[in-house]
1. Residues that are touching a Gly at 6+ places or on another chain (Cβ under 7 Å) and within 15 Å of B:SER14 (Cβ to Cβ): does region A:86-108 have at least one?
2. Report yes if B:ARG104 is within 11 Å of another protein chain (Cβ to nearest Cβ) and surrounded by fewer than 20 Cβ atoms within 10 Å (Cβ to Cβ), otherwise no.
3. Of these, A:LEU62, A:LEU118, which one is surrounded by fewer than 22 Cβ atoms within 10 Å (Cβ to Cβ) and closer than 22 Å to B:CYS11 by Cα?
4. Working only within region B:71-87, note down all residues that are away from DNA strand C (no atom under 16 Å from the Cβ) and within 18 Å of B:ASP137 (Cβ to Cβ).
5. Are any residues in region B:9-35 more than 14 Å from DNA strand C (Cβ to nearest atom), charged (D, E, K, R) and within 7 Å of chain A (Cβ to nearest Cβ), and if so, which ones?
6. Considering only region B:1-98, give the helices (runs of 4 or more DSSP H) lying wholly within it that have at least 1 residues that are aliphatic (A, V, I, L, M) and within 13 Å of DNA strand D (Cβ to nearest atom).
7. Just need a number here: residues in region A:54-70 that are under 12 Å from A:VAL29 (Cα atoms) and near DNA strand C (Cβ under 7 Å from one of its atoms).
8. If B:GLU97 satisfies all but one of (1) at the interface with chain A (Cβ under 9 Å from one of its Cβ atoms); (2) surrounded by fewer than 21 Cβ atoms within 10 Å (Cβ to Cβ); (3) touching a Pro at 6+ places or on another chain (Cβ under 6 Å), what's the number of the condition it fails?
Protein chains: 2
Amino acid sequence: MPARPSSRSGCPVSVSLEILGDRWSLLIVRDMMIRGFRTFKQFQNSGEGIASNVLSGRLRRLSAAGIITAESDASDRRMINYRLTDKGIDLAPALLELLIWGARHENTGVPCAAIEPLTKNREALLAEVRRRWQQRDPAPLQAKTGEWLWPEK
Amino acid sequence: MPARPSSRSGCPVSVSLEILGDRWSLLIVRDMMIRGFRTFKQFQNSGEGIASNVLSGRLRRLSAAGIITAESDASDRRMINYRLTDKGIDLAPALLELLIWGARHENTGVPCAAIEPLTKNREALLAEVRRRWQQRDPAPLQAKTGEWLWPEK
DNA sequence: CCAGTTACTTGCGAATCGCAAGTAATCATG
DNA sequence: CATGATTACTTGCGATTCGCAAGTAACTGG
């Protein structure tokens, strides 16, 4: 029996948006997936300006939804390491398409020339993201995709 | 000079979420793209339960962002026909990936067996969506993709 | 022991949401 | 042409959420 708390339709898009449909959740997932961020502090200083109480709430929601896990760091127990679950890493395609759309249609500082390789190497890029996740490779993806993805400052 | 009103980063994902990052905007786009909806009333009765004032605001925002257009119907001037722009139809890949993710990882009433054909026929599906848009074909996509996508009621 | 760091929580004013009701313009009918 | 229905909204209002600033508990390094 599917438990559906809200009064919305059962459409998969609707269900997805119930969890991820806000300005912050997917940015947190992006930072974990592509920039290799793990900690509260990193998300807070990611340049997007999320408030700490909202960040706290989002991490709890993503955790409750099974998209991320939270475990305290072994070597420094102040820190909590947030990681994507399998369900979380599966958001990579959606995130990539949002990236491509924004880069193509909005003023993002991303040159148009940079978009085509993204669409052409889509599968390779997604495979690389998944590989990094499986091997717990903490290095950001920038080296592979170019620095233009996240303009410094 | 790129005008960036908010204090967020210039990352394409961030820019996309500034416009689309809420519970309703992409559902409206979905209804236009896949179900062939055009009018205020249709969006209101789409089964998601969006309030009329919020719907009004979203249509204005999407219109201002160049994702949809609004023109009054020639034969009935009470009605306003909302249509996707080229920029709007380009959201199809992102929407499809959100659909696949939701269907795969959440309880949506969509059988798991239905997901694989979506990923396999991704390109064909997107081509069909774009064709329907170019030809202004108002028929919903259901016939092609199966009725399970939007369970009745 | 103590200053600094990390991951939060709390308080509060402002913005947004959800719901109900109302309204202007237009169309369909008698 | 009058009347009622329909469409696309707007308005009001209480409840929720947001953004910002400040505070706090747990822990670490010196």
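FYI, it's all coordinate maths here, none of it is from the lab. Note that this is a predicted model, so its numbers are computed, not measured. Neighbour counts run over all protein chains shown; Cβ positions are idealised from the backbone, glycine included.
1. Residues of region A:86-108 touching a Gly at 6+ places or on another chain (Cβ under 7 Å): A:87, A:108.
Checking the rest, the ones that are also within 15 Å of B:SER14 (Cβ to Cβ) come to A:108.
Yes, region A:86-108 has at least one match.
2. Details: within 11 Å of another protein chain (Cβ to nearest Cβ): yes; surrounded by fewer than 20 Cβ atoms within 10 Å (Cβ to Cβ): yes.
Against the criterion (within 11 Å of another protein chain (Cβ to nearest Cβ) and surrounded by fewer than 20 Cβ atoms within 10 Å (Cβ to Cβ)), B:ARG104 qualifies.
3. Values: A:LEU62 fails: surrounded by fewer than 22 Cβ atoms within 10 Å (Cβ to Cβ).
The unique qualifying residue is A:LEU118.
4. First, pick out the residues of region B:71-87 that are away from DNA strand C (no atom under 16 Å from the Cβ): B:82-87.
Those that are away from DNA strand C (no atom under 16 Å from the Cβ) and within 18 Å of B:ASP137 (Cβ to Cβ): B:TYR82, B:ARG83, B:LEU84, B:THR85, B:ASP86.
5. Kept after step one, since they are more than 14 Å from DNA strand C (Cβ to nearest atom), are these residues of region B:9-35: B:9-16, B:29-35.
Okay, now just the ones that are also charged (D, E, K, R), so B:30-31, B:35.
B:ARG30, the sole residue that qualifies.
6. Working: elements: B:12-20, B:25-33, B:40-44, B:52-64, B:86-89.
Per the criteria, B:12-20, B:25-33, B:52-64.
7. Adding up the residues that qualify gives 1.
8. (2) is the only condition that B:GLU97 fails.
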